[in-house]
Each structure stands twice: as C-alpha cells, then as structure tokens.
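J.: Sending over a structure as structure tokens; questions will come in a sec.
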Amino acid sequence: ERKSVIVLERQKRKRKHGELNQGEIDAKAFHEKIRSIILEGTKSLVDSAQSLGYLSGETETSKDPLPSQDCRLAALCEMAKELPLVADEEQEWTQSLLTEEGVASHVDLFSQVTENSEAWAAVVPLMGEEYIIPHDTAFLLSDFTRIQPLVQCGRRFDVIVIDPPWENKSVKRSRRYSSLPSSQLKRLPVPLLGSPGCLVVTWVTNRPSHLRFVRDELYPHWGVEVVAEWFWVKVTTSGEFVFPLDSPHKKPYEVLVLGRYRPANDHTSPLQTANVPVEDKRLIVSVPSALHSQKPSLSEVLKLYVGAEAKCLELFARSLQPGWTSWGNEVLKFQHISYFDLEPADTSKAEATEDAAET
C-alpha cells in the first residue's frame, strides 16, 4: 500500500498588527528618551536662525539636476589590490599633488598619501576624470587592505571623524554604496592614528544596536572613552523637520557619539589634560545636502574642543576639506568637477597689487 507523504512547509510566524520586535522596542524607547531634547532644542535654534533671516523658506532659483557621474573609485580600489606592496624601507608614504611649477604631477593615489599643500585649490586630471582638490588637504584613496600609508606617514591626529557605511535595508535596496558589517570597524587602526586625548566622533544610524556597538564594543576596543552624544537634526529651508518627529520609519535626526582616546600607557588623569570638556546632548540643526548621505562639516563645531590648529582626519570620507586628511575608497567622489560651478579667477586685484609693487 502506497502512503502519500505530505510535506508541511514551516511558515514564518506573522507578526500581529502593531506588534513590535525587540529592535523596534529599543528604538522607540531611545526616541522617547531624547524626544524633548530634539523638539525643544530644534525650536530654539530655528527661532534664532529665523530672527537672523535664515530658514525663511527661500530656495535657490537654480534647479539643475544633480550630477549623474558614475563613481568608479571603489572599483579602482579593488583593482589596486592586485598591485604589489612595497617594503616599508623602500616606500615614500606621502607625495605632492602639484610640482613646484604648480602643475599636476604623476601621483600614485592608492599607496601614498597625496597632499595639496598650496594655499589654493587645484583642478587636476586623475584617472581620466577631473577633480577639485582643496588647499591644505591630504587624502588616501584605498580600503582597509591599503590603509598602511596613512598609518606610516607619521601623523597623529587630534580629531578623527568616522562616517561608517552602516548596514541597513535602504542601502541594500538602493545600492548607492557598499555597506560594512559592524564588526569590521574594529580593524580601523584608530590607536595608531590618534594622539593622546584625540577626539573621536562617529556618525551612527538610529538603530539602537549600532549605538550600543559603538559605545560598548567599538570605543572600548580602541581605548576610547565615551564623553557625549550629539544629534544632527535635519530641517527644511523653512525650519520644519524633514520627516515627522514621531515617524515610526524615518527620524529627522542622526546620532554622533563623541569620545576621547585614552592610550593604555598614558597614565595622565583626564583632569590633568588640556582637553576642553565636551557638553552632552548638543544639537546641530541644518538643511541636509541633496547629495545622498552627505553629512555637514564638523570642522567649525569641533574647534572649541580641540583648538583651531588641530590635525583632523576623516575616515570613510567621500569629499575633502581644507586643513583635513581624508581616507576612504570613494574619498574623491564629491570632488568630481561635475559637482561644482567654476568661475574664472579674478586676476585684476592681483595685477593691481603687482603694478603697485613695481612702482
């Protein structure tokens, strides 16, 4: 007698309508904890800005479409892995972008830190494309496997800003950039890059698991002591939240975790150092860039805590800043000439100065 076999598929238990998973419960609790800070702080800053004529709802008249330039930098970094590594004693770890005559030199972008030490920005051809390189800046185009030049170039930084490509569903769907598992961030050689007391700032998504990872695992792994949490609040040109504050899907703010690097062999008490205490729960309110995932510059905001002459580094950068060193596998992405409106330099003042000097 033949017996029929019935195969039962194990179905995933469907959540009841309104039922939250643990991650959503944690996110809701975190939001409720900081909600009043975001609401009241944003209102105060927006009111102040509007009293000065900002956030009036006016937008620029230009509505040109955003550049659609295809960024191939990450792919080039992958190709560069096939190049042989040079022994330490034979390697120059830094190189000048421009020659003494002020023209672009032949540079190795993947295994040396490239510097533009001039007092002016330069438009340079690199890898068949044109990029604008700010004055007094340095950068390394690489991924984890080629970060050694940044470590070996002999610089120790007073500020390290990290904008990790966190894993999340929207990134997977959009494929705008490659994400990175949280555990891989421990490979960043922060203890080899930071000076004692270095201010480490990490951009974090609103997932509580990412926030816990940074506070409880990543910073202790590097020897970084958490000192504050800040919030970047995104508003429209009229000062409204870009998303409803209590939206269950997207929040109009992101978190920054700030810490001080305390080397294990540094026995100096934090009270004995010259570090300025960092206030907790500060807000940065701004209109977000139209470019995806482009964060506001923290250069001016952080000067109070590190000084105007601080050496600053950005990790996972996708653009350059004057006075900063930047690293990432798309470090030149938003320096492409298509993202800029160029105007001819006004040489009349310089010529007048030269004529006056001759007379």
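The numbers here are math on the coordinates, done by the rules we state, and not lab data. This structure is a prediction, so every number in the text was calculated from the model and none was measured. Please note: Cβ atoms are built from the backbone with ideal geometry, for glycine as well, and neighbour counts cover all protein chains shown.
J.: Work out, step by step, the length gained on full extension between Ser36 and His106: first 0.36 nm times the residue separation, then minus their alpha carbon distance; give nm to one decimal.
T.: So the extension gain works out to 19.8 nm.
J.: Suppose each label sits 7 Å from its Cα in the direction of the beta carbon; what would the Val301-Ser209 distance come out to in nanometres?
T.: Taking the simple label geometry, Val301 and Ser209 are separated by 2.6 nm.
J.: Still on this structure, I have one more. Between Gln184 and Gln294, what is 0.36 nm times their sequence separation minus the Cα-Cα distance? Round to one decimal in nm.
T.: Value of the extension gain: 37.4 nm.
J.: Then there is this: Subtract the Cα-Cα distance of Trp120 and Asp246 from 0.36 nm times their separation in residues, and report this length gain in nm to one decimal.
T.: Extending this stretch completely gives an extra 40.8 nm.
J.: Here is the link list: Lys43/Lys251; Lys33/Lys251; Lys281/Lys311. Which ones come out longer than 19 Å on Cα distance? Numbers along the way, then the final one.
T.: Working: Lys43/Lys251 16 Å; Lys33/Lys251 14 Å; Lys281/Lys311 25 Å.
Long pairs (Cα-Cα over 19 Å): Lys281/Lys311.
J.: How do Ser179, Ser51 line up, fewest other C-beta atoms within 10 Å first?
T.: Ser51, Ser179
J.: In what order do Thr94, Thr59 fall by count of nearby beta-carbon atoms within 10 Å, going from fewest to most?
T.: Going from sparsest to densest Cβ surroundings: Thr59, Thr94.
J.: Follow-up question, since we're still on this one. With a 10 Å radius around each residue's Cβ, average the other Cβ atoms per peptide and rank 315-327, 230-242, highest first.
T.: Those peptides, ordered most packed to least, come out 315-327, 230-242.
J.: Which shape class, rounded, prolate or oblate, goes with segment 183-333 when its Cα gyration tensor gives a ≥ b ≥ c as root eigenvalues, a/c under 1.5 marks rounded, and past that a/b bigger than b/c marks prolate?
T.: Taking the square roots of the gyration eigenvalues as a ≥ b ≥ c, segment 183-333 is prolate.
J.: Can you order the peptides 331-342, 213-224 by their average number of other Cβ atoms within 10 Å per residue, highest first?
T.: The peptides rank, most packed first, as 213-224, 331-342.
J.: Distance in nm between label sites at His135 and Ala74, each 7 Å beyond Cα in the beta-carbon direction?
T.: About 3.4 nm separates the two model spin labels.
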